[in-house]
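Data first, discussion second: the structure below is written as structure tokens.
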Amino acid sequence: MDWNLSYSVLNFRFNYQYIKDYIYTTAEPSPLAGGASIWYTTNAPKYQQVGAVLVCSLEVGFWHPTFTAGVYKPFFKLDYLNEPLKYNMPYGLFVCDNEFELPKDFLFRADIRWYTKGDRGIHRTNGSGSVDLAIQKDFFSNRLNVTLSGDDLFKSSQTKDVKK
């Protein structure tokens, strides 16, 4: 379920997600080979998450920034090797998307994203982010678009799972 409220340059979104028979990938030690693991998919009875996101989109001359801040809170638990595990740590996101209209119909983008530490599905991850740049140009009355982009320029989006 999603609820959206917009006013002028602001948009607020609240959502609730419920997944019955949530499918996830897991691993267990192999009884046949020491140190080996068996990976397989299985079901949890349910997965729930609530989220709230605030977006502000502006136009300042040739600059079109969009600022996003949000928080998500999962409610998820499962049994792993007969031990209960909870994946309920909330995580936040912060995004600054910037679009610049340049002369001769060029468009330049500079986007920054950051996710805080938290639980996503069965993974507890450290914070991660990225800086992406792109320049694009349309040709032949917008029938051909050429884009040169660089994603995650500082290699900061490499998420690492955290042991619980």
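Looking at Thr66, Thr116, Thr42, Thr125, which is the one that is more than 30 Å from Leu153 (Cα to Cα) and either of a type in the set (Val, Ile, Thr) or at pLDDT 95 or above (or both)?
Thr42
Can you tell me which of Ser37, Ser30, Ser57 is modelled with pLDDT of 90 or more and polar (S, T, N, Q)?
Of the residues listed, the single one that is modelled with pLDDT of 90 or more and polar (S, T, N, Q) is Ser57.
For region 15-27, name all the residues that are among the hydroxyl-bearing types (Ser, Thr, Tyr), modelled with pLDDT under 95 and either open to solvent by 80 Å² or more (accessible area, probe 1.4 Å) or over 21 Å from Lys77 (Cβ atoms) (or both).
Passing the criteria: none in range.
Can we say Gly92 is farther than 17 Å from Glu59 by Cβ, modelled with pLDDT of 90 or more and under 24 Å from the mean Cα position of the chain (by Cα)?
For Gly92, the condition - farther than 17 Å from Glu59 by Cβ, modelled with pLDDT of 90 or more and under 24 Å from the mean Cα position of the chain (by Cα) - is met.
May I ask you to verify whether Asn98 is at pLDDT below 90 and either out of contact with any Gly (no Cβ under 6 Å at 6 or more places or on another chain) or surrounded by 13 or more Cβ atoms within 10 Å (Cβ to Cβ) (or both)?
Answer is no for this residue.
Between Val53, Val131, which is aliphatic (A, V, I, L, M), under 26 Å from Arg13 (Cβ atoms), part of a strand (DSSP E or B) and open to solvent by 30 Å² or more (accessible area, probe 1.4 Å)?
Val131
The values are calculated or read from the model by the stated rules, or taken from the named source; none is laboratory data. Computed from a prediction, not measured in an experiment: that's the story for all the values here. Every residue, glycine as well, gets a Cβ built from its backbone with ideal geometry; the counts of neighbours run over all protein chains shown. These area figures cover heavy atoms from the full protein model, side chains too; ligands, DNA and RNA do not enter into them. Shrake-Rupley method; radii C 1.70, N 1.55, O 1.52, S 1.80 Å.
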